[in-house]
Each structure stands twice: as structure tokens, then as C-alpha cells.
Amino acid sequence: MFRHPQVKWAQREDKVYLTVLLPDAKDAKVNVDPEGVFTFSALAGAENHQYELKLDLFEKVNVEESKLNVGVRSIFCVIEKAEKGWWKNLLRGSEKPPHYLKIDWDKFVDEHAADETPEFNLRDMGGMDMASLMKGQGMDMSGVGDMGDMGEESDDDDNEVEEPGEVEAAAKDAPASIQKTEAAPPPST
């Protein structure tokens with residue numbers, strides 16, 4: 001009896017990323033057929049369990065341009081599509097995808113935002129003007145107002161901090177649904 005490894009996937013217009021999550025895989029065998037059939041087998045675990053996988057991909061693929069990297073914790077495949085275009089699913093058919101197949105949110109890009117999504121490095125965001133960034137994303141900053149005095153104290157009575165005794169007295173007069181309750185003790189482990 002064989003088991004299925006967990007598989008994460010994402011796509012771009014010209015390729016599909018498949019990551020087979022199987023730490024310490026031994027004798028890993030991967031095959032990609034031009035018709036879009038992806039097969040995988042390996043042994044893993046202390047008892048050398050047999051893991052197998054067969055995925056009928058949505059469309060044909062370019063085997064010659066596809067790449068494979070067998071690592072210690074996973075097997076990463078970049079499968080080139082035979083024809084550019086976004087697939088509506090990873091697999092052929094309209095049935096529900098298998099439980100071991102998940103979207104790779106680390107590599108996910110929305111089809112409609114793919115052309116607009118810039119490749120950027122978070123380390124390069126040092127001197128960025130936040131208002132310009134928000135405006136570039138279609139957000140209106142005009143209603144935000146001046147936030148320059150956020151750290152200064154205000155003379156308004158609305159911002160006064162109540163003393164603990166005043167809070168308890170106010171809680172007694174509050175409706176039962178918002179009255180103070182005692183915290184439950186933490187669960188013992």
C-alpha cells in the first residue's frame with residue numbers, strides 16, 4: 001500500500017510550480033509526460049514507506065524546458081506549459097482536487113494582477129513615501145488628515161483615562177451583556 005505526499009502548486013502564464021513535500025525522500029523518481037501526466041514515487045520515513053503520486057495536469061507541457069530540484073525536504077519542479085495561458089485548475093476534470101493538493105500561497109500570483117505585480121525586494125523599501133505608495137495602489141489619502149501630532153497629549157476631556165475604581169463603577173451600571181467578568185484560569189497541561 002502506498003501513501004500520497006503533500007503537494008503545493010502555483011502557476012504563472014508560462015509555467016506551473018509543483019513542490020512535493022517529502023522530507024528525506026530516497027530513490028525519488030519523477031516523470032513528466034508531454035501530454036501533462038506527472039508521476040512521482042519515493043521511499044521516506046523511518047519505515048521506508050512507499051509514496052506515489054499521479055497528476056493529470058490540465059494541459060500539455062514542454063518536458064524539455066521543465067526543471068527539477070530534489071532537495072532534502074522537498075522535490076521542486078518548474079513545469080513549462082506547452083502553450084502560454086492561465087489554467088483554470090491544475091488537474092483535468094471538474095472534480096474536487098485531492099486532499100493532499102494545496103495552493104502554494106508563497107508563489108501564488110492572481111491572474112488579473114500578474115502583469116501589474118512588480119517584482120520587489122522588501123529591503124529596498126527604505127525611503128518610500130507611503131502616500132505615493134497608497135495613491136499608486138488606488139487608495140485615497142485625502143480623508144486621513146494630519147497625523148503629525150499623534151504622540152502629543154490633547155487637552156480634550158474625551159481622551160481622559162479613567163481610574164480603576166471608576167471603570168468598575170461604570171461596569172456595574174452597564175448592561176449585563178458587557179459587564180466585567182472574571183477570567184477563567186488557564187488550562188492545565
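Data overview
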| quantity | calculated |
| --- | --- |
| Derived scalar couplings ³J(HN,Hα) [the stretch 69-86; Karplus, 6.51 cos²θ - 1.76 cosθ + 1.60; whole Hz; x for Gly, Pro] | 9, 9, x, 6, 9, 7, 10, 10, 10, 10, 9, 6, 6, 5, 10, 5, x, 7 |
| Spatial separation of Cα centroids for the stretch 1-24 and the stretch 38-76, in angstrom | 7 Å |
| Residues with amide H under 5 Å from that of residue 104, placed H, sequence gap 5 or more | 9, 10 |
| Sequence-distant residues sharing a close amide H with residue 81 (under 5 Å, placed H) | 15, 16, 62 |
| Highest to lowest packing among 1-9, 18-26, 80-88, scored as the average C-beta count within 10 Å | 18-26, 1-9, 80-88 |
| Global geometry of the stretch 35-83, whether rounded, prolate or oblate, following the gyration tensor of its Cα atoms and the 1.5 cut on a/c | oblate |
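All of the numbers you see were taken from the coordinates with simple rules; none came from a lab. Predicted model, so just to flag it, every value in this text is computed and none were measured. Note that we place each Cβ from the backbone using ideal geometry, even for glycine, and neighbour counts take in every protein chain shown.
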